[in-house]
1. Looking at Ile363, is it closer than 18 Å to Leu296 by Cβ, touching a residue at least 60 places away in the same chain (Cβ under 8 Å) and either crowded, with 23+ Cβ neighbours inside 10 Å or aliphatic (A, V, I, L, M) (or both)?
2. Scan (1) within 23 Å of the chain's Cα centre (by Cα); (2) at pLDDT 90 or above for the single condition Val202 breaks and write down its number.
3. Looking at the structure I just gave you, is Ser317 buried (at least 20 other Cβ atoms within 10 Å of the Cβ), of a type outside the set (D, E, K, R) and over 30 Å from Thr287 (Cα atoms)?
4. Give the residue, chosen from Ala300, Ala305, that is surrounded by fewer than 21 Cβ atoms within 10 Å (Cβ to Cβ), out of contact with any His (no Cβ under 9 Å at 6 or more places or on another chain), in contact (Cβ under 8 Å) with a residue 12 or more places away in the chain and not hydroxyl-bearing (Ser, Thr, Tyr).
5. Quickly run through the range 303-327 and pick out the residues that are in a helix (DSSP H, G or I) and closer than 25 Å to Leu68 by Cβ.
6. Would you check which residues across the range 87-115 are assigned to a helix (DSSP H, G or I) and over 23 Å from the mean Cα position of the chain (by Cα) and list them?
7. So is Ser317 modelled with pLDDT of 85 or more and closer than 21 Å to Gly92 by Cβ or not?
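The values are calculated or read from the model by the stated rules, or taken from the named source; none is laboratory data. Every value quoted in this text rests on a predicted model; they were computed, and no experiment measured them. Please note: Cβ atoms are built from the backbone with ideal geometry, for glycine as well, and neighbour counts cover all protein chains shown. Ligands, DNA and RNA are stripped out before the accessible areas are found, and what is left, the full protein with its side chains, is counted by its heavy atoms. Shrake-Rupley method; radii C 1.70, N 1.55, O 1.52, S 1.80 Å.
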Amino acid sequence: MVLVVVFGVALLIAVLLSGLAARTVLSTSLLFLVGGALVSDGFLGLIHITEDSEIVSVTADLALFAVLFTDGMHVSFPKLRENWRNPARALGLGMPLAFIGMSLITHFLVGLDWTTSFLVGAVLAPTDPVFASAIVGRKEVPAKLRQLLNVESGINDGLALPVVLILIAAAGPTSGHAEADLGAIALELVLGLVFGVVLPFVVIELVRFPLLGAEPKLQPLLPLAIGVILYAACHLTHANPYLAAFSAGAVLTARSLEAKEAFEPLGESLAELAKFAALLVFGALLTPQLFGDLSLGGYAAVVLAIVLIRPASLLLSLLGTRFTRQEKLVAAWFGPKGFASVVYGLLVLQAGIPQGEEAFTLIAVCIAFSIIAHSSTDVPIARIFHVEDIAGVDGGTPAPRTAQEETRAVSVRDRG
């Protein structure tokens with residue numbers, strides 16, 4: 001119950017400071033991360049959470065599912081068919097380059113064996129746009145840039161998972177069965193995709209049946225019901241829930257814009273709550289001991305992962321595209337490590353591999369540094385694209401004018 005109180009207080013503070021955070025480098029995500037760290041055993045000792053606590057994996061899993069479900073709703077298939085090459089470059093070239101680059105610096109700077117180093121590279125390869133909301137959630141930002149970041153981050157979680165699972169099997173006590181796991185991993189991915197496509201398709205068709213239909217005030221609950229069923233079905237059948245969530249959101253939007261628009265306010269709020277809860281719990285793991293366990297080489301690897309590996313890999317993948325230099329640099333910078341990396345990092349820790357604890361420490365510190373760096377720079381960088389109302393969401397209401405601005409606007413209209 002103490003954790004609930006802490007979450008409520010952090011949520012209240014976040015709401016009260018959200019206007020300020022939307023205009024400055026102050027970040028609500030960082031607030032929950034720091035809040036979790038302050039109430040943990042490393043500082044005030046109000047809550048006791050360890051890496052093997054069930055609440056850690058559950059909150060991270062729910063947050064990632066919710067974020068991917070809502071992210072999928074922002075995908076436009078017609079636009080994606082026209083501009084599929086840029087996300088394909090990021091996923092087909094940029095992600096493998098980041099994976100290899102991170103693996104190399106992990107091996108040579110941290111000293112982990114090759115298998116574990118590649119495992120760390122796979123865990124940290126996926127990106128998460130939730131910490132760059134001022135970029136991917138603004139219509140003023142070029143659509144092709146928003147689409148690139150959104151599609152890349154929505155799909156790369158599912159692409160990284162089989163690699164992570166295979167490398168865990170190769171590094172763990174059952175390393176001899178790694179090849180046998182390939183079939184099971186492929187089945188999980190296929191099932192996730194099938195569930196994510198079929199379930200929303202069937203539900204939307206049911207809604208259109210003459211005797212059925214949702215009352216207006218209950219329409220937002222229709223996609224929510226799809227999400228709940230999908231989440232449970234995936235965990236019961238071991239299907240990939242993240243690929244299912246993203247594909248379900250995309251199919252839902254393609255089949256029914258009405259359902260998407262009705263659910264969007266509720267969905268965004270639920271995703272934010274899940275994100276904040278996961279950040280608070282993850283923050284509780286960031287004790288002084290965790291940071292003290294990471295070597296100097298590990299800190300060097302973390303810095304290089306954020307400022308060199310991701311930017312360089314994506315810039316190389318975007319060579320020859322029609323992105324402006326400014327757009328390329330923004331896309332290259334926003335490669336935050338988020339909930340997918342948290343979930344996969346916990347899988348590494350719980351797998352019992354020989355260097356699992358060292359790998360998790362590196363992963364956790366890298367995620368923490370990434371959240372701080374990317375969630376604190378989204379607003380300043382969004383201003384490059386002349387975003388005036390950072391606090392709003394797509395189509396948000398402009399900020400109120402001052403008296404002087406109103407006078408100038410009237411003067412301009414009069415002259416016109």
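1. Spelling it out, Ile363 is indeed closer than 18 Å to Leu296 by Cβ, touching a residue at least 60 places away in the same chain (Cβ under 8 Å) and either crowded, with 23+ Cβ neighbours inside 10 Å or aliphatic (A, V, I, L, M) (or both).
2. (1)
3. For Ser317, the condition - buried (at least 20 other Cβ atoms within 10 Å of the Cβ), of a type outside the set (D, E, K, R) and over 30 Å from Thr287 (Cα atoms) - is met.
4. One residue alone meets the criteria, Ala300.
5. Ala305, Ile306, Ile309, Arg310, Pro311, Ser313, Leu314, Ser317, Glu327
6. Hits for the range 87-115 are Leu104, Ile105, His107, Phe108, Leu109, Val110, Trp114, Thr115.
7. The answer is yes for Ser317.
Okay, residues lined up against (1) among the hydroxyl-bearing types (Ser, Thr, Tyr); (2) under 20 Å from the mean Cα position of the chain (by Cα); (3) surrounded by 23 or more Cβ atoms within 10 Å (Cβ to Cβ):
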| residue | (1), (2), (3) |
| --- | --- |
| Ala262 | no, no, no |
| Arg310 | no, yes, yes |
| Ser341 | yes, yes, yes |
| Pro354 | no, no, no |
